[in-house]
Amino acid sequence: MARKRFIAGNWKLNLSLAEGTALVQGLAKACAADPRSAAAEFAVFPTALAVKTIADAAKGSAIGVGAQNLHWEEKGAFTGEISASFIKDTGATYVLIGHSERRQYFGETDQTVNKRLKAALGVGLVPILCVGETLPERDAGRLQDVLRTQLTGATAGLTAQQLATLVIAYEPVWAIGTGRTATTAQAQEAHAFIRSVVRQAYGALADGIRIQYGGSVKADNAKELLGQPDVDGALVGGASLKLADFAAICAAAYA
Ligand code: PGA
């Protein structure tokens with residue numbers, strides 16, 4: 001089954017409104033200049049306060065916009081939180097769920113990931129569900145164990161129809177921001193395993209699910225990673241903050 005490659009830039013707590021606007025407009029221009037770019041999908045994930053500004057700046061272009069997190073409650077006394085419908089209202093299309101930095105620093109669990117996923121799907125946002133093992137987990141031979149637990153916990157109770165819109169990002173925690181990318185073989189092995197877990201639960205639908213690789217993706221390793229049969233895109237952190245670098249990674253998905 002043909003899967004459209006999807007390159008996403010996670011800006012984390014970086015880029016001002018002006019910097020983000022310039023970057024997304026530059027990226028939109030680069031895509032518009034090359035008709036081959038229509039073969040792939042692109043999105044950026046600014047800080048919550050910049051989502052609307054960047055979504056406005058990207059309107060009418062090939063670049064989608066998403067938020068980096070959401071709260072599962074729709075509204076109410078939840079100081080400091082943002083909900084799925086507020087994100088949707090800004091013109092955003094996507095949302096990251098369960099990034100390892102949320103899990104490590106902000107107490108995210110598979111149960112809260114599950115609630116957030118359901119809230120995102122409930123308003124029609126496309127969630128990118130992040131999963132991945134730490135180095136001690138990998139070294140202890142627990143890679144498959146960890147991925148299976150994260151995936152089944154996150155998707156508990158989702159219908160096949162809901163699952164069909166989901167994007168999964170495999171991000172080995174030891175490769176995030178470290179400059180230490182997974183080898184293509186390690187990425188392919190984990191991606192194939194993730195697809196097999198989805199297949200066990202949802203059957204052939206698994207063949208249509210896009211699985212991005214994330215963790216020190218750069219312009220010079222993107223092509224090789226994207227060449228693996230089960231790698232359908234990239235979730236890019238550091239290298240998505242500079243137009244030239246991110247545009248080169250995006251181009252690796254179609255050129
Ligand atoms: P990195 O981040 O590309 O800077 O390693 C990836 C991510 O956290 O999504």
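The values are calculated or read from the model by the stated rules, or taken from the named source; none is laboratory data. Model, not experiment: these values are computed from the prediction. Quick reminder, even Gly has a Cβ in these numbers, built from the backbone with ideal geometry, and neighbours come from all protein chains shown. With ligands, DNA and RNA removed, areas are computed over all heavy atoms of the protein, side chains included. Shrake-Rupley method; radii C 1.70, N 1.55, O 1.52, S 1.80 Å.
The residue list 29, 115 contains one member that is in a helix (DSSP H, G or I) and under 20 Å from residue 252 (Cα atoms), which is 29.
Based on this model, can you work out whether residue 220 counts as of a type in the set (Asp, Glu) and part of a helix (DSSP H, G or I)? So residue 220 fails the test.
Checked against (1) open to solvent by 20 Å² or more (accessible area, probe 1.4 Å); (2) in contact (Cβ under 8 Å) with a residue 24 or more places away in the chain; (3) on the phi > 0 side of the Ramachandran plot, residue 60 passes all but a single condition, namely (2). Here residue 18 clears all of (1) buried (at least 24 other Cβ atoms within 10 Å of the Cβ); (2) outside any loop (DSSP other than H, G, I, E, B) except the condition numbered (1). Restricting 159, 178, 165 to those that are among the polar types (S, T, N, Q) and within 24 Å of residue 105 (Cα to Cα) reduces the list to 178.
Going by the structure shown, is residue 67 of a type in the set (A, V, I, L, M, F, W, C), away from the ligand (no atom under 16 Å from the Cβ) and either modelled with pLDDT of 95 or more or touching a strand residue (DSSP E or B) at 6+ places or on another chain (Cβ under 9 Å) (or both)? Judged against the criteria, residue 67 is not a match.
Only a single item in (1) under 26 Å from residue 247 (Cα atoms); (2) part of a helix (DSSP H, G or I); (3) within 16 Å of the ligand (Cβ to nearest atom) is not met by residue 57, and it is number (3). Taken over segment 21-40, the criterion of being open to solvent by 40 Å² or more (accessible area, probe 1.4 Å) and among the polar types (S, T, N, Q) is satisfied by 25 alone.
For segment 124-217, no strands (runs of 3 or more DSSP E) sit wholly inside it while including 2 or more residues that are open to solvent by less than 60 Å² (accessible area, probe 1.4 Å) and more than 16 Å from the ligand (Cβ to nearest atom).
In segment 104-123, the residue that is farthest from the chain's Cα centre (by Cα) out of those that are closer than 22 Å to residue 11 by Cα and open to solvent by less than 50 Å² (accessible area, probe 1.4 Å) is 108. Which one is nearest to the ligand (Cβ to nearest atom) among residues in segment 218-235 that are surrounded by 24 or more Cβ atoms within 10 Å (Cβ to Cβ) and of a type in the set (Gly, Ala, Ser)? Checking each candidate, the answer is 234.
Taken together, the criteria place residue 46 among residues that are within 16 Å of the ligand (Cβ to nearest atom) and under 19 Å from residue 23 (Cα atoms).
If you go through segment 182-234 and keep only what is more than 17 Å from the chain's Cα centre (by Cα) and closer than 15 Å to residue 246 by Cβ, you end up with 219, 220, 221, 223. Examine segment 69-84 for a residue that is over 30 Å from residue 35 (Cα atoms), without any contact (Cβ under 8 Å) to a residue 40 or more places away in the chain and polar (S, T, N, Q), and state whether such a residue exists. Yes, segment 69-84 contains at least one residue that is over 30 Å from residue 35 (Cα atoms), without any contact (Cβ under 8 Å) to a residue 40 or more places away in the chain and polar (S, T, N, Q).
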